[in-house]
1. Yes or no: region 47-67 includes at least one residue that is modelled with pLDDT of 55 or more, more than 13 Å from residue 159 (Cα to Cα) and buried (at least 19 other Cβ atoms within 10 Å of the Cβ).
2. Which of (1) at pLDDT below 95; (2) within 18 Å of residue 10 (Cα to Cα); (3) surrounded by fewer than 15 Cβ atoms within 10 Å (Cβ to Cβ) is the odd one out, the single condition residue 123 does not satisfy?
3. Would you mind stating whether residue 168 is farther than 12 Å from residue 4 by Cα and surrounded by fewer than 12 Cβ atoms within 10 Å (Cβ to Cβ)?
4. Just to check your reading of the model, which residue among 11, 6 is under 14 Å from the mean Cα position of the chain (by Cα), under 23 Å from residue 116 (Cα atoms), modelled with pLDDT of 95 or more and surrounded by fewer than 23 Cβ atoms within 10 Å (Cβ to Cβ)?
5. Taking region 96-106 as the region of interest, how many residues are farther than 22 Å from residue 77 by Cβ and either surrounded by fewer than 22 Cβ atoms within 10 Å (Cβ to Cβ) or modelled with pLDDT of 80 or more (or both)?
6. Among the residues of region 23-46 satisfying the criterion of being assigned to a helix (DSSP H, G or I) and out of contact with any helix residue (DSSP H, G or I) (no Cβ under 6 Å at 6 or more places or on another chain), which is surrounded by the fewest Cβ atoms within 10 Å (Cβ to Cβ)?
């Protein structure tokens, strides 16, 4: 039996490490997905400049690994296949993997489309799916993996490191009037995302 496990991260770097650890633990990159907010354009097409020094990070790493847009079957793993997408309610995101593909397809034809529809279709509870989607909308990064139920406990522990406490975050948002993710709502702009990241200590890093 296959189950879906997901975590939200305030920092893209934390999410990136989680993906790398999952792959090292034996999860095929075809079963891992990442969706990161890109409202502040930290990722621009084929260029990645997470440290914001004006130099493509791939050039700084001496050209190691496959380029952006490489096939997901490449030796560099899931993160080599990052690309830009627009998902309703989230705005511009950087994503790779099955969840992003499903979210785009769901947005085109499902009543509960987009990332919420993709997550619930994969077995994530409706409540959690709305919090995950809102987390990405506010500047976070979502990592999801399809894993064997027998491996869930072991892999959950890998994802837990540096992950957002979903219940605490949801409670904090609810105090400001938030109820559910609204795919028809306006995506957060760059300034709003920066404020959220400062509030929770997240960032691209």
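The values are calculated or read from the model by the stated rules, or taken from the named source; none is laboratory data. These figures come from a predicted structure and were not determined experimentally. Glycine gets a Cβ as well: all are built from the backbone with ideal geometry, and neighbour counts include every protein chain shown.
1. The answer is no, given that none of the residues of region 47-67 is modelled with pLDDT of 55 or more, more than 13 Å from residue 159 (Cα to Cα) and buried (at least 19 other Cβ atoms within 10 Å of the Cβ).
2. Failed condition: (2).
3. Yes: the conditions hold for residue 168.
4. 6
5. Residues that pass the stated criteria total 1.
6. Of everything passing the filter in region 23-46, 24 is surrounded by the fewest Cβ atoms within 10 Å (Cβ to Cβ).
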